[in-house]
Amino acid sequence: MAIVTESAPAAAPSTAAAQPQETVDGFKLVIEALKLNGLDTIYGLPGIPITDLTRRAQADGIRVLSFRHEQNAGYAASIAGFLTQKPGICLTVSAPGFLNGLNALAHATTNCFPMILISGSSEREVVDLQQGDYEEMDQLAVAKPICKAAFRVLHAEDIGVGIARAIRAAVSGRPGGVYLDLPAKLFAQSIEAEAGRKSLIKVVDPAPKQLPAPDAVKRAMDLLKSAKKPLIVLGKGAAYAQADADIKALIEKTGIPYLPMSMAKGLLPDTHEQCASAARSFVLPEADVVMLIGARLNWLLSHGKGKTWGGKSSKDWGNQKFIQVDISPIEADSNVRIDAPVVGDIGSVVAAFLKDIASVPRAPADWVNAINERKSKNVAKMGETLAKDPSPMNFHSALNVVRDIVKANPDAMLVNEGANALDFTRSIVDMYKPRKRIDVGTWGIMGIGMGYCVAAAVVTKQQVIAIEGDSAFGFSGMEVETICRYDLPVCIVVMNNNGVYRGTDVDPTGRDPAPTVFVKGARYDRIIEAFGGVGANATTPAELRKAMEEAIRSRKPTLINAVIDETAGTESGRITGLNPTAKKK
Ligand code: ADP
Ligand code: TPW
Ligand code: MG
């Protein structure tokens with residue numbers, strides 16, 4: 001490791017006999033600690049006190065991707081963590097930059113993505129006495145409640161330990177967001193080079209395997225063997241675990257129908273004969289044993305109860321028994337009884353299941369047939385809808401094109417946010433490979449779009465396709481400049497229906513535009529042209545297809561304004577029922 005950067009005769013005693021001492025400063029130690037641990041990319045935004053950290057990191061070979069807003073850098077880091085199993089690094093300045101990064105830190109924690117938010121901070125002595133330092137804020141205290149762990153390093157010789165602790169906290173057990181506070185003073189501290197080198201830690205086994213207890217495995221397998229109507233639910237934890245071949249084997253060897261959660265789509269191709277997505281509302285209430293693999297029974301699965309699961313009212317439990325595979329020992333029983341919790345990492349657990357797989361009977365034919373019947377009906381119905389070519393274009397006719405393009409480019413990454421633009425894409429666009437679909441996640445958060453595009457392109461080097469609601473796009477739209485600056489192969493499709501959910505609302509008083517409505521007929525494509533990217537306006541599926549094909553052929557940053565019928569969407573997409581007014585009714 002080339003850690004010696006400077007000789008510092010000025011700092012040495014000025015006797016003629018003294019040898020100039022080789023020293024290393026805090027900047028360099030941070031950079032070397034990251035590199036030593038294979039953390040080769042920083043998503044950030046410069047300014048005091050970290051500008052020189054970005055410069056020197058770049059000079060030392062770390063890829064430094066500079067954003068227009070820290071939130072987007074943070075989202076990029078979070079999804080890089082999901083895709084690589086290494087903590088994504090987001091770097092920000094103090095107070096305001098730090099706060100801008102916090103949303104992503106919380107998002108990473110909520111979604112179980114490993115990420116480290118590194119923020120520069122002001123002088124401790126001044127901050128703690130609240131004497132009004134430049135960008136004064138007790139950042140460590142603010143970060144703590146929303147992240148998995150938070151650390152501060154005060155002395156250069158502790159940088160190695162600080163970064164090692166941050167890495168372990170981010171990736172071990174249930175992954176999450178970690179905050180690392182680096183005060184301005186730290187960067188300028190110099191220590192003796194050899195001592196500096198020795199202080200760094202290459203973290204050994206940062207995310208240790210967690211083998212399941214044999215009795216827990218047996219309990220789960222016994223329950224599975226007893227099932228007449230088994231179902232497997234794959235969540236984004238299963239996608240994160242990168243145990244793709246074993247998960248496929250588990251599903252195919254048992255013949256059990258499975259349901260992928262949004263970001264688990266493509267773990268097996270959505271076109272797989274055992275995929276039950278098109279019969280979701282049938283399999284959830286009907287199943288008798290449900291194996292959850294890396295999926296929580298949160299709101300996205302109706303908390304495991306209520307009508308979705310065959311309960312009589314919203315609080316009633318259904319009749320299913322649950323097996324839950326999760327690395328978190330406290331996840332089980334969070335919403336309903338888990339009859340067979342299996343705590344461990346998904347790779348190890350599924351491998352343990354496979355050892356006993358021959359004794360699991362194949363999923364009963366009447367169950368499989370009943371599902372297939374529902375599926376083919378629903379698929380046929382969807383086919384009819386997709387075949388229509390209404391004018392103006394609606395979500396279905398536009399997404400029918402996206403569906404074809406993704407099918408022809410199964411390695412492309414698909415970024416997706418919005419309400420209708422999200423829900424329709426998830427149900428219409430099939431995914432064929434693992435970890436290709438990245439979206440709004442557990443919170444249904446708007447704003448992940450362009451940050452995810454940057455990270456997806458940088459990490460995977462694949463074509464990225466972003467399907468964005470016009471509202472969703474606005475949260476991170478300025479990052480099209482970033483996409484153009486780094487010349488990334490990103491094709492953004494803005495599903496422009498003139499607003500949030502729809503473009504049809506009016507202010508009853510006649511004074512202002514309605515809260516959900518935007519400038520009508522806006523031309524989002526022109527935004528990217530300002531930065532040298534390719535813009536296209538598409539009013540028909542044919543125009544959309546041509547523009548997307550051209551984007552993928554050229555790999556040029558492209559933004560397509562897809563003009564969608566402003567009446568086509570529904571309030572809140574698929575989750576209208578969560579609105580308080582709907583609840584009141
Ligand atoms: P989804 O939204 O797709 O249903 P969730 O985010 O709710 O998925 O659930 C992901 C779950 O996966 C979390 O409970 C998390 O603890 C778990 N998880 C993440 N990584 C692993 C892993 N390597 N092994 C086991 N469980 C994991
Ligand atoms: C950070 C609330 C959920 S969906 C959405 C908002 C504002 C936008 C829907 O409009 P869009 O999609 O994107 O045009 P479409 O196709 O239905 O017209 N702030 C944050 N996150 C969320 N989820 C919201 C607000 C919301
Ligand atoms: Mg919209």
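Couple of notes before you dig in:
- For the peptides 505-511, 204-210, the ranking by mean Cβ contacts within 10 Å, running from highest to lowest, is 204-210, 505-511.
- Amide H contacts of residue 232: 258, 259, 291, each under 5 Å away and 5 or more positions distant or on a separate chain (H built 1.01 Å from N in the peptide plane; Pro and chain starts excluded).
- Area accessible to solvent at residue 299, 1.4 Å probe radius, in Å²: 90 Å²
- Of all DSSP bridge pairs formed entirely within the chain, close to 10 percent run antiparallel.
- Those aspartates and glutamates that a straight Cα-Cα span of less than 19 Å connects to residue 520, excepting residues fewer than 8 apart in one chain: 468, 470, 505, 507, 512, 565, 566, 571
- Charging the Cβ of each Asp and Glu at -1 and of each Lys and Arg at +1, and nothing else, the dipole of the chain about its Cα centre rounds to 2020 debye.
- Kirkwood estimate for region 7-148, i.e. one over the average of 1/r between Cα atoms, Å: 16.3 Å
- Probe 1.4 Å - accessible area at residue 228, Å² to nearest ten: 130 Å²
- Packing, taken as the mean count of other beta carbons within 10 Å per residue, orders the peptides 264-276, 330-342 from highest to lowest as 264-276, 330-342.
- Considering only Cα atoms, the convex hull volume of region 422-465 works out to 87 Å³ per residue.
- Whole-Hz couplings from phi, Karplus 6.51/-1.76/1.60, listed for region 296-303; x for Gly and Pro: 8, 7, 8, 4, 5, 10, 6, 6
- Per-residue ³J(HN,Hα) for region 498-511, Karplus 6.51 cos²θ - 1.76 cosθ + 1.60, θ = phi - 60°, Hz, x for Gly and Pro: 6, x, 7, 6, 6, x, 9, 5, 10, 6, x, 7, x, 7
- Among the protein heavy atoms, those of residue 199 account for about 20 Å² of accessible surface (1.4 Å probe, every chain in place).
- Dipole of the chain computed with +1 at Lys/Arg Cβ and -1 at Asp/Glu Cβ about the Cα centre; of 473, 81, 419, farthest Cα towards the positive end is 419.
- Looking at region 281-382, the DSSP beta bridges with both ends there are about 10 percent antiparallel.
- 222 nm mean residue ellipticity, helices alone, for the chain (DSSP H n ≥ 4; -39,500 (n - 2.57); rounded to 500): -11500 deg cm²/dmol
- A protection proxy built from the mean count of other Cβ atoms within 10 Å ranks the segments 91-97, 515-521, most packed first, as 91-97, 515-521.
- Separation of the alpha carbons by more than 19 angstrom is noted, of 265/546; 86/144; 265/407; 321/433, for 265/546; 86/144; 321/433.
- Approximate shape of the chain as ellipsoid semi-axes (Cα gyration tensor, √5λ), whole Å, largest first: 43, 32, 21
- Partner aspartates and glutamates whose Cα lies under 15 Å from the Cα of residue 436, excluding those fewer than 8 positions away in the same chain, are identified as 244, 270, 411, 417.
- Remark on residue 437: its backbone amide H falls under 5 Å from those of 414, a criterion applied only to residues 5 or more positions apart or on other chains, H modelled at 1.01 Å from N.
The values are calculated or read from the model by the stated rules, or taken from the named source; none is laboratory data. Here the structure is a predicted model, which means the values were calculated and not measured. So basically every Cβ, Gly included, is an ideal-geometry build from the backbone, and we count neighbours across all protein chains shown. Note: accessible area is taken over every heavy atom of the protein model, side chains too, but ligands, DNA and RNA are not part of it. Shrake-Rupley method; radii C 1.70, N 1.55, O 1.52, S 1.80 Å.
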